[in-house]
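Reviewing the structure listed below.
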Amino acid sequence: MTTIFLVDDHRLFLSGVSAELADSFDVVGQSDDVDAAVDMIRDAVPDVVLVDVHMPGGGGVAVVGNVLETHPGVRFLALSVSDAPEDVIAMIRTGARGYVTKSIAPDELKDAINRVAAGEAVFSPSLAGFVLDAFARSVPVEADPDLDSLTPREQEVLRQIARGYQYKQIAKRLSISIKTVETHVSSVLRKLQLSNRHELARWASDRRII
Amino acid sequence: MLAGVAGGVSETVGVNPIYVRAAFVCLSLAGGAGFILYVVLALVVPDDPMNNGDEVAPRASRPRRVGMALMFVAVMLFLQAVGLWFGPVVWPTTLVVFGLAIAIDTSGINYERSLEGVTAGRRSWWLVIGGLAMMVAGLAVVLRSLDRLQSFGVLAIALIVAVGGFAIVAGPWLWSLIEDLRTERRARIRSEEKAEVAAHLHDSVLQTLALIQRTDDPKKMVTLARSQERDLRSWLFDENSTDTDTIQGALTSAATRVEAAHDVPISVVVVGEANLPSDKHEALIAAATEAMMNAAKHSGATKISVYAEMADGAIDVYVSDQGEGFERDSVGDDRRGIRESIEARMQRHGGTAIIESSAGEGTEVHLTMNGAAK
């Protein structure tokens, strides 16, 4: 069974989610404090960590950044009430493999956790929208054109996600395999995390991310 | 202020420590007696860690204060008589120092909050002015004794001294007055803001929570919660998202209305930015709203997605659901929604509408409106 760890400073939400997921996953721990969470995750080394974005003491970004420094194998799924682009992009840039809002339906949350556990990326429609927005507004710089732009296929996949389609439907609509859809999404995630171009940085700073 | 001697003495005898300090300064001019006395007291008198300002002698009575003043003068005269004296500047300086001390004490400025029992005196402007006058007089005598008194200079110097003294005495008091006003104003703004927040929460969140408690239908509860969430978010974070002049704001508010009417959650994602002339804008929004309505009413889908992509030249809006779908031919002529409200409306304003659907596959309405500009 996939082991998961929950980090959220709202205890009520913590216990609710933990009860909801207990049937499908092995909840190995939970914490409502950033520093304590980092230590506990390093001890427990779960498959997936569900982490809130806004918490006192550095927030989700601090948890993701600190754990990945010592345990690059732990995977993070950000879970937040916030749907603001600055929060979403900051979490992804720090290393989270996906971002969903707290209003997500229980089945969709389970699906998202399984995807992240399998090493895939989880893009909600709004996250896909932010990424398209970020790449659409900027012109690639010379340095690393591979990283600095999305291929037409990747853009098309993101558009389909933004329009609310599941991977299976996207595969059918674009006449490609589900595996290919997953590959495109993961490659977008990689570009988001590695891309150093200053256009993305500017997009981020326009929105007060940096 | 150095070894706490002055503070200690003032606590014991019950006068403002500023007088004790003044006395030490003046006695120091008497052949250094005050300085020696200060050092001796600092060494001999033990620290009293238990006394942290709670047990302060009550303010000395008027006869006692006068008595202490006379005693001080007597000691000074005695020191002068035995020759412990630094010359003719001592008496005028004493005048200046005590003038300042009286002015500060009686102006009611509290320099030492820990000694409030002693310093909390009455404010007397007569005594403040008297103290300042004493200071000026003392200074004039000092200057004359130093033989630097010029007929013109004395007025200027006296003026400077008076202004300087006034600044020292009244400055902190005026400043604290301004600070008080500022604090009060800040507090008022804060309480007004708080009242506004409370009013908003009362009108929106509390009403919705009451409604939710009275609802048996889980679907209705979710819709109520969602529309309240959307409302609260737009109020908290982004006033523009309710601005129906923008595509984003107009789509969001249309989604909220449809959602409330039909209990189906609608997510809105918008990419890029551009604007349309108002007739095209209205046509596009009306067509998109109609598409959302159709999806909410007929598709049976549990959620609807709206995605808008805006660029120079054209705006694309997709309204998708994963519900039952329909065959175009099976829609009766009596249902004019699709043909009239979506397709014909878009065409009239130079746009297109493509409706993609088949039974069991969901529906996607793709609207394109040309003529957009950033």
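The values are calculated or read from the model by the stated rules, or taken from the named source; none is laboratory data. Keep in mind the model is a prediction, meaning the values are calculated, not measured. Please note: Cβ atoms are built from the backbone with ideal geometry, for glycine as well, and neighbour counts cover all protein chains shown.
Details
- Some residue of region A:31-42 being in a loop (DSSP other than H, G, I, E, B) and either over 19 Å from the mean Cα position of the chain (by Cα) or of a type in the set (D, E) (or both): yes
- Looking only at region A:109-135, and only at residues there that are closer than 16 Å to A:T180 by Cβ and charged (D, E, K, R), the one that is modelled with the lowest pLDDT: A:E120
- Candidate set: region A:70-93, residues that are in a helix (DSSP H, G or I) and surrounded by fewer than 19 Cβ atoms within 10 Å (Cβ to Cβ); chosen: the one farthest from the other protein chains (Cβ to nearest Cβ): A:T70
- Residue selected from region A:136-166 under the condition surrounded by 20 or more Cβ atoms within 10 Å (Cβ to Cβ) and modelled with pLDDT under 85, by the criterion farthest from the other protein chains (Cβ to nearest Cβ): A:D148
- B:D316 meets all of the listed conditions (1) assigned to a helix (DSSP H, G or I); (2) free of Cβ contacts under 8 Å to residues at least 60 places away in the same chain but one, namely (1).
- Answer residue from region B:51-82, given it is among the charged types (D, E, K, R) and assigned to a helix (DSSP H, G or I) and is modelled with the lowest pLDDT among those: B:R62
- Test set (1) in a loop (DSSP other than H, G, I, E, B); (2) closer than 30 Å to B:T223 by Cβ; (3) at pLDDT below 85 - A:N196 fails condition number: (2)
- The residues of region A:76-98 that are under 8 Å from the mean Cα position of the chain (by Cα) and hydrophobic (A, V, I, L, M, F, W, C), listed by number, are A:F76, A:L77, A:A78, A:V88, A:M91, A:I92, A:A96.
- Test: residue in region B:204-224 that is surrounded by 15 or more Cβ atoms within 10 Å (Cβ to Cβ), modelled with pLDDT of 80 or more and touching a strand residue (DSSP E or B) at 6+ places or on another chain (Cβ under 9 Å): no
- Conditions (1) touching a helix residue (DSSP H, G or I) at 6+ places or on another chain (Cβ under 8 Å); (2) away from chain A (no Cβ under 13 Å); (3) of a type in the set (G, A, S): number failed by B:A210: (1)
- Of all residues in region B:267-280, those being more than 23 Å from B:G362 (Cβ to Cβ) and either within 14 Å of another protein chain (Cβ to nearest Cβ) or crowded, with 21+ Cβ neighbours inside 10 Å (or both) number 4.
- B:A353, sole failed condition from (1) under 23 Å from B:E259 (Cα atoms); (2) at pLDDT 85 or above; (3) more than 14 Å from chain A (Cβ to nearest Cβ); (4) out of contact with any helix residue (DSSP H, G or I) (no Cβ under 7 Å at 6 or more places or on another chain): (4)
- Members of region A:1-30 found to be aliphatic (A, V, I, L, M) and either in contact (Cβ under 8 Å) with a residue 40 or more places away in the chain or part of a helix (DSSP H, G or I) (or both), listed by number: A:I4, A:L6, A:V7, A:L12, A:L14, A:V17, A:A19, A:L21
One line per residue, one yes/no per condition, for (1) of a type in the set (V, I, T); (2) exposed (fewer than 13 other Cβ atoms within 10 Å of the Cβ); (3) within 18 Å of A:H54 (Cα to Cα); (4) touching a helix residue (DSSP H, G or I) at 6+ places or on another chain (Cβ under 7 Å):
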{"residue": "A:T2", "(1), (2), (3), (4)": "yes, no, no, yes"}
{"residue": "A:V7", "(1), (2), (3), (4)": "yes, no, yes, yes"}
{"residue": "A:A19", "(1), (2), (3), (4)": "no, yes, no, no"}
{"residue": "A:G29", "(1), (2), (3), (4)": "no, no, no, yes"}
{"residue": "A:D33", "(1), (2), (3), (4)": "no, no, yes, no"}
{"residue": "A:D39", "(1), (2), (3), (4)": "no, no, no, no"}
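- For B:S305: the one exception among (1) surrounded by fewer than 23 Cβ atoms within 10 Å (Cβ to Cβ); (2) closer than 29 Å to B:L224 by Cβ: (1)
- Residue in region B:281-302 that is nearest to the other protein chains (Cβ to nearest Cβ), counting only those that are touching a residue at least 24 places away in the same chain (Cβ under 8 Å) and surrounded by fewer than 17 Cβ atoms within 10 Å (Cβ to Cβ): B:T302
- Counting the residues of region A:101-127 that are within 14 Å of another protein chain (Cβ to nearest Cβ) and either in a loop (DSSP other than H, G, I, E, B) or surrounded by fewer than 24 Cβ atoms within 10 Å (Cβ to Cβ) (or both) gives 11.
- Checked against the criterion of being farther than 27 Å from B:R226 by Cα, touching a residue at least 60 places away in the same chain (Cβ under 8 Å) and either in contact with a Leu (Cβ under 7 Å, 6 or more places away or on another chain) or in a helix (DSSP H, G or I) (or both), the candidates B:A353, B:A344 yield just one match: B:A353.
- Of all the numbered requirements in (1) farther than 18 Å from B:V9 by Cα; (2) buried (at least 17 other Cβ atoms within 10 Å of the Cβ); (3) modelled with pLDDT of 75 or more, B:I109 misses one, and that requirement is (3).
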